[in-house]
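The values are calculated or read from the model by the stated rules, or taken from the named source; none is laboratory data. Quick caveat: nothing in here was measured; it's all calculated off a predicted structure. FYI the Cβ positions are ideal-geometry reconstructions off the backbone, even for glycines, and counts take in every protein chain you see. The area values use the complete protein model at the heavy-atom level, side chains included, leaving out ligands, DNA and RNA. Shrake-Rupley method; radii C 1.70, N 1.55, O 1.52, S 1.80 Å.
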Amino acid sequence: METVLTIVFGIIGGVGAALTVYYGRKSARLERERETLSWNDVQLAADDLAEDIRKSRFQPQFILALNTRGGIIAEFVAQNMADSLPIVVGITEWRDFGYNAYDLKQYDSFETTKWRVSIPLTVYDNTDKNVLIVDDLVMSGDAMEEARKRLAERGFTKDAIRTAAIVVTDVAIKTHKAPDYHWRQTDSSSFYFPWGKAR
């Protein structure tokens, strides 16, 4: 009986060791695939985005950030522009978390397969101005492209709308939904900013 128990425990120990090695290697591979930006990277990216915008001769008169994450980028970009730019911040809700029960009366909302985005209605009172739509990451490009479409439907000319993000995925580029300006391209869906994992 003692020999049988020794064999059983030996097998269990061997399986445990094999699983430890397997999951350790898997974790190391996932860590290598993960991309992370520091605050210094974000500042450098915003500096470069502002420079690219200036070189293109587009002169935004205000910035529309689709959410607070985009608002962080918008602030850094605005600091690098010649004029002080007003920043309008929308609200983005992730579908997987469900939507808040309240109805935002002063917002125009639209949905993509992943998000509900709400843009303040005051944006549409400025169709005579150039607008820069900003976000931290463009994964599929659906939300930014729909925001651009909404602005055009409300009277903004095509030439008065530009888009920017720090990071754009290969998916957005392949589907022709990439922003006009971006700092980094990635094939990773596991991207981390100082404020958390991009979704």
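Based on what the data block shows, is residue 143 under 16 Å from the mean Cα position of the chain (by Cα) and at negative phi? Taking the combined requirement at face value, the residue satisfies it. All of (1) under 16 Å from residue 64 (Cα atoms); (2) open to solvent by 50 Å² or more (accessible area, probe 1.4 Å) hold for residue 161 with one exception: (2).
Here residue 122 meets the list (1) touching a Phe, Trp or Tyr at 6+ places or on another chain (Cβ under 7 Å); (2) more than 30 Å from residue 39 (Cα to Cα); (3) not acidic (Asp, Glu) almost entirely, failing just condition (1).
None of 87, 63, 119 is touching a helix residue (DSSP H, G or I) at 6+ places or on another chain (Cβ under 7 Å), over 23 Å from residue 191 (Cα atoms) and open to solvent by 50 Å² or more (accessible area, probe 1.4 Å) except 87.
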